[in-house]
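All remarks here apply to the structure that follows.
The values are calculated or read from the model by the stated rules, or taken from the named source; none is laboratory data. Predicted model, so just to flag it, every value in this text is computed and none were measured. Every residue, glycine as well, gets a Cβ built from its backbone with ideal geometry; the counts of neighbours run over all protein chains shown. Note: accessible area is taken over every heavy atom of the protein model, side chains too, but ligands, DNA and RNA are not part of it. Shrake-Rupley method; radii C 1.70, N 1.55, O 1.52, S 1.80 Å.
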Amino acid sequence: MRFKFSILALLLEVVIIVLFGIFVEYDHRRKNPEILYPVFQDVHVMIFVGFGFLMTFLKKYGFSGVGINMLIAAFGLQWGTLMQGFWHMEEGKIHIDVKSMINADFSTATALISFGAVLGKTSPVQMLILTILEVTIFACNEHLVTNILQATDVGASMTIHAFGAYFGLAVTLILYRPGLKNKHENEESTYHSDLFAMIGTLFLWLFWPSFNSAIASEQNHQITAIINTYYSLAACTVVTFALSSLVDQRGKFSMVLIQNATLAGGVAVGTCADLLIKPFGAMFIGSIAGIVSVLGFHFLTPLLASKLCIQDTCGVHNLHGLPGIMGGIASIIVTAIQGEERQGVHLTPAMQAAALGCTLGIALVGGALTGGILKLPFLGQASDQNCFDDSVYWEVPEEEKPHEIPSNNYDEHSRFQAIM
Amino acid sequence: MRFKFSILALLLEVVIIVLFGIFVEYDHRRKNPEILYPVFQDVHVMIFVGFGFLMTFLKKYGFSGVGINMLIAAFGLQWGTLMQGFWHMEEGKIHIDVKSMINADFSTATALISFGAVLGKTSPVQMLILTILEVTIFACNEHLVTNILQATDVGASMTIHAFGAYFGLAVTLILYRPGLKNKHENEESTYHSDLFAMIGTLFLWLFWPSFNSAIASEQNHQITAIINTYYSLAACTVVTFALSSLVDQRGKFSMVLIQNATLAGGVAVGTCADLLIKPFGAMFIGSIAGIVSVLGFHFLTPLLASKLCIQDTCGVHNLHGLPGIMGGIASIIVTAIQGEERQGVHLTPAMQAAALGCTLGIALVGGALTGGILKLPFLGQASDQNCFDDSVYWEVPEEEKPHEIPSNNYDEHSRFQAIM
Amino acid sequence: MRFKFSILALLLEVVIIVLFGIFVEYDHRRKNPEILYPVFQDVHVMIFVGFGFLMTFLKKYGFSGVGINMLIAAFGLQWGTLMQGFWHMEEGKIHIDVKSMINADFSTATALISFGAVLGKTSPVQMLILTILEVTIFACNEHLVTNILQATDVGASMTIHAFGAYFGLAVTLILYRPGLKNKHENEESTYHSDLFAMIGTLFLWLFWPSFNSAIASEQNHQITAIINTYYSLAACTVVTFALSSLVDQRGKFSMVLIQNATLAGGVAVGTCADLLIKPFGAMFIGSIAGIVSVLGFHFLTPLLASKLCIQDTCGVHNLHGLPGIMGGIASIIVTAIQGEERQGVHLTPAMQAAALGCTLGIALVGGALTGGILKLPFLGQASDQNCFDDSVYWEVPEEEKPHEIPSNNYDEHSRFQAIM
């Protein structure tokens, strides 16, 4: 049983190294690449520390939250380099520089968002397969949106956030576990796991202006994207605190909302981040995103689980899905109101709408197909009882299970079968 | 009761968005703004991760430490943009770029320092009001010091650190709680809360050279400020470890000193950071700051609490107050010894002294007035018993209160009244 | 007893300030120093947050892990400035700028790696002495490798990683404690201490491209080093997960491997990072490093402890030692296959081999001598029983020792003797 993951991972790494050997070259043609490098590092921190620690909020699933996040991202960035590169080959070669490293990191974000939807319910083997499929489909959809439809999506509200969220929701729908209908005892946080998650929240929040501006085509657009994202997030945060208190019967703040909904402003302003929406426009978008996200967590997530069989562990629908759609809609409105050009292309509401529609459709279909593949029996899912529990996949220090009954053979055996 | 905070926060956000709509424009005139952006990100991390995690040291107040810090900073940076911008309008417009984002972050630091003084004893509503008032008064004092007195304060030892500390101390004096004369049972750390606080300490410590150099007028001055701050902090840290062991009866290090006094060197060298004080001068200032700060924590803070009714939760007097004054005094001495010019203005000890005096006076008076306003009964302070306890304002995971007696109605009721 | 550390630290700081006063000047001759500054900050975060939190994995030694790391680094960077500067004086002066700050941070890394080998078994006084000696010897070896042998080692696989590891292993051999042959009860992690350590792992992992490229001589080499390190680490991570599962009987991942072996790819690619090894070459090196590191942790570390009396707490041999040697060997192979020039010098396998040999020899001899000095009785080592326990050197919050028996006088007394 233990060989399944190891062999798959080693095999994939060998394949990737061979493909890199055939196709990948350094690219030293960009001027002043060192100016892009700090922005790359900000994005890099978001992917590994931001997403990673955000997913440590569960009391017994922190090792997987931050650890499997690292595995997915490290694997996905290599695969993403190839998948994105194949669309832009020159003389049969993929040329890489700092910008393509940013894009490689971006491509992993889709898989990490989907990981949030299925968190605690999938094995590392399943996540490797999901990453291969999702990054591949993402690269195709991104090519469609950017190069064929020639829509704008500088902060990737549609192509990363909405895509990753609806892909993940479709996967979790297919992998529906009726046995988790009643809340699993491990599906909750502790005081310190919530503080660990705040590390993730803050690094995402702080570096989001870099995320939304990293691939802007000109310096002025980049600064515009930085300013818009900064103020959108600030407004979103104030509104999230207000709404969090408002929707609670006793007026108390909820950590899950502060950890997640405060970030919705960064997602929602993404597509329009480098357009001239003015700072107050960015703040308006951020405020609405905060409201939508809080209401989503409070009312919609329970409904999705009970009525639509969509068990969304981290609530990615509220952080990435709805705000991602908002970003697309905002871009339709903005391009309808004012003419904007990007790289010689006149942006139109029709193309923005087409981009949004394609993205959602491809994400849902791709996610459903992926979910079907992940359900194949030989991949060996963990039992419901073993969900949200690091000890299925990790050596966990003893003293954290103070009252554990000495394990009997049957239990060991069933766990053993469940591994990977 | 729960509506008080929500409505105030939403109302303020609406007002701010309207004011942004009227006054705020992008500014794309700066050359090479992308060079300032990494420095902005360092400052940004200091404000949200640095200050935020530094205040998670209390065993039951970590959510508020990092969460309310985030609220204050996100709100304050919007308010600060307006308050600082009003002093520099061109054709009725406030122009924003990366540098004004740095200044907006700076302005929130004053409120966060004051938050450290009152930590655990104020409600979120009170903190919003404090932030409005303090950021407003800060912007006026900064204008006075920089533009009217034309004093230098590149690292803001006076205008941010001393100002924030003495403002906060005046607030906490007015809000004096005799019931907390004997140490509250929650006013202590745990092993892991101390480690969380070290995250804050280290990110403040590491990025302080960026803080002290961010608004330097020329590149040479910027590099000088970076070098001086780097060595000042290093010297301060060695001295703090030495003193921490020395003042303890059994020679043991104290986490509260390592978390705080190691940073005093960054504060104290601030005002003179871009002056030609030579590296050894910076290290001398840092060393003295470490000594002053450790002695302040060890001897002065208990005295302030018992004799002067000043309950300074985080000891901001020792980290920001005394070292801030030291920074001002150092600048008086340096400008007396050697002539320095900044932006065509000859710096004089008289103006540096005037800047220090004005700052302290305005901070103390402003803080006292603010404290008076925060004391208004309808703002509903928490009872002494509910101080330093997240569960008054936050949903807190159950298992962290293992021995809690099932709550009776009376207790619930009194807590409910205390909220916000 | 408590005065020993304090007086030594204060004395050293005074000596350093005096030496700085005599020798150290600002250097404002570099063009565009602000472009190097973000890279410096990345390295700075690695040294203090990366190494610091990586060493918080022990359940009762987190304060020392992150705290003494900070002390060593803050002291070492001052000492390193002088030791490195003495080899490059101009007109009797050491000129410092952002690049020399990077080098000063680098020099502390050697002492921090050695700290990992002796973690839990040495006093702060011993660590100060180790830092003085190791940084001094490092600066000499670095001068020998770089300027006399004119070998290349851009990412310092040999001069920092292998040097620091074998120096530390020699120290821990001399300080061998037979009483720790059976695992000490404190020498293990907890669930949350392992998460704290992941903060360190991730910041090291993320900023390693900056470490390996920081001192590259040209911009193209710098970008090459960034790309190679990025892909080497990614490949190493996938392989480490695979191997971690493979070597475990039940196929489970081990936190100690994920925290450490994932980083081996950054070490091993260091020496060749700026050479044209192509991305797939970097990934190959990274993959082998992951395999070597995992096997080292799993098979070699227990052997070293039981057969060779080398008690390597953090397993620095597997993270820095073996991958460091790999880096040197890789550079011998690469320079043998293809001609490369750096700063006008033609690189030869002979010089690379000489550099590796010298480094290992000097590290082992220097470490053994240092170990002998640290063994001097008046330095007062902690007893075996007091190893891996913060409470010997730190005030530790009460509630973390729930079942502690009220201390009797004898116990207090023996602890007191052990301090510093």
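How many of the residues in the stretch A:301-321 are of a type in the set (A, V, I, L, M, F, W, C) and under 24 Å from A:Thr56 (Cβ atoms)?
The total comes to 6.
Output the residue which, of all residues in the stretch A:138-172 that are open to solvent by less than 20 Å² (accessible area, probe 1.4 Å) and among the hydroxyl-bearing types (Ser, Thr, Tyr), is farthest from A:Ser114 (Cα to Cα).
Out of the qualifying residues, it is A:Thr152.
Inspect the stretch C:336-350 for any residue being part of a helix (DSSP H, G or I), in contact (Cβ under 8 Å) with a residue 60 or more places away in the chain and not charged (D, E, K, R) and give the result as yes or no.
No.
Which one is nearest to C:Thr262 (Cα to Cα), of the residues in the stretch C:177-188 that are open to solvent by 30 Å² or more (accessible area, probe 1.4 Å) and not in a helix (DSSP H, G or I)?
Ranking the qualifying residues of the stretch C:177-188, first place goes to C:Glu188.
Output the number of the condition that C:Glu395 fails; it satisfies all remaining conditions of (1) within 23 Å of B:Gly251 (Cβ to Cβ); (2) in contact (Cβ under 8 Å) with a residue 40 or more places away in the chain.
Tallying (1) within 23 Å of B:Gly251 (Cβ to Cβ); (2) in contact (Cβ under 8 Å) with a residue 40 or more places away in the chain, C:Glu395 fails exactly one: (2).
State whether one or more residues within the stretch C:213-224 are buried (at least 24 other Cβ atoms within 10 Å of the Cβ), touching an Asp or Glu at 6+ places or on another chain (Cβ under 7 Å), facing another protein chain (nearest Cβ under 8 Å) and under 22 Å from A:Val49 (Cα atoms).
For the stretch C:213-224, residues buried (at least 24 other Cβ atoms within 10 Å of the Cβ), touching an Asp or Glu at 6+ places or on another chain (Cβ under 7 Å), facing another protein chain (nearest Cβ under 8 Å) and under 22 Å from A:Val49 (Cα atoms): absent.
Taking the residues in the stretch A:189-217 that are assigned to a loop (DSSP other than H, G, I, E, B) and β-branched (Val, Ile, Thr) as candidates, determine which candidate is nearest to the chain's Cα centre (by Cα).
Checked the stretch A:189-217; the qualifying residue nearest to the chain's Cα centre (by Cα) is A:Ile215.
Could you please find all residues in the stretch A:320-337 being open to solvent by 60 Å² or more (accessible area, probe 1.4 Å) and farther than 12 Å from A:Ala162 by Cβ?
Matches in the stretch A:320-337: A:Ile333, A:Ala336, A:Ile337.
How do the helices (runs of 4 or more DSSP H) wholly within the stretch A:219-319 filter down when requiring 1 or more residues that are more than 21 Å from A:His161 (Cβ to Cβ), more than 20 Å from the chain's Cα centre (by Cα) and touching a residue at least 24 places away in the same chain (Cβ under 8 Å): which remain?
A:219-247, A:278-295, A:301-308
Could you tell me how many of the residues in the stretch C:130-156 are more than 16 Å from the chain's Cα centre (by Cα) and in a helix (DSSP H, G or I)?
The qualifying residues number 7.
Just to confirm my filter: which helices (runs of 4 or more DSSP H) fall fully inside the stretch B:1-93 and include at least 3 residues that are within 25 Å of the chain's Cα centre (by Cα) and more than 9 Å from every other protein chain (Cβ to nearest Cβ)?
Helices (runs of 4 or more DSSP H) meeting the threshold: B:62-85.
Filter the stretch B:372-384 for residues that are open to solvent by 20 Å² or more (accessible area, probe 1.4 Å) and in contact (Cβ under 8 Å) with a residue 24 or more places away in the chain and give the result.
Listed by number, the residues that qualify are B:Gly372, B:Ile373, B:Lys375, B:Gln381, B:Ser383, B:Asp384.
Which of the numbered conditions does A:Ala151 fail, given that it passes all the others? Conditions: (1) among the small types (Gly, Ala, Ser); (2) within 27 Å of B:Pro124 (Cβ to Cβ); (3) more than 10 Å from chain B (Cβ to nearest Cβ).
(2)
Being at pLDDT below 95, more than 30 Å from C:Gln219 (Cβ to Cβ), outside any helix (DSSP H, G or I) and at the interface with chain C (Cβ under 9 Å from one of its Cβ atoms): is that true of A:Lys121 here?
no
Quick grid of which residues meet (1) small (Gly, Ala, Ser); (2) surrounded by fewer than 20 Cβ atoms within 10 Å (Cβ to Cβ); (3) at the interface with chain C (Cβ under 9 Å from one of its Cβ atoms):
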position	(1), (2), (3)
B:Thr237	no, no, yes
B:Ala242	yes, no, yes
B:Asp248	no, yes, yes
B:Phe253	no, no, yes
B:Leu263	no, no, no
B:Cys272	no, no, no
B:Phe280	no, yes, yes
B:Gly286	yes, no, no
B:Ala305	yes, yes, no
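Cβ contacts < 6 Å: first residue small (Gly, Ala, Ser), restricted to the stretch A:175-194; second residue surrounded by fewer than 16 Cβ atoms within 10 Å (Cβ to Cβ) and in a helix (DSSP H, G or I), any location; separation 6+ or different chain. Result?
Cβ pairs passing all conditions: A:Gly179/A:Asp384.
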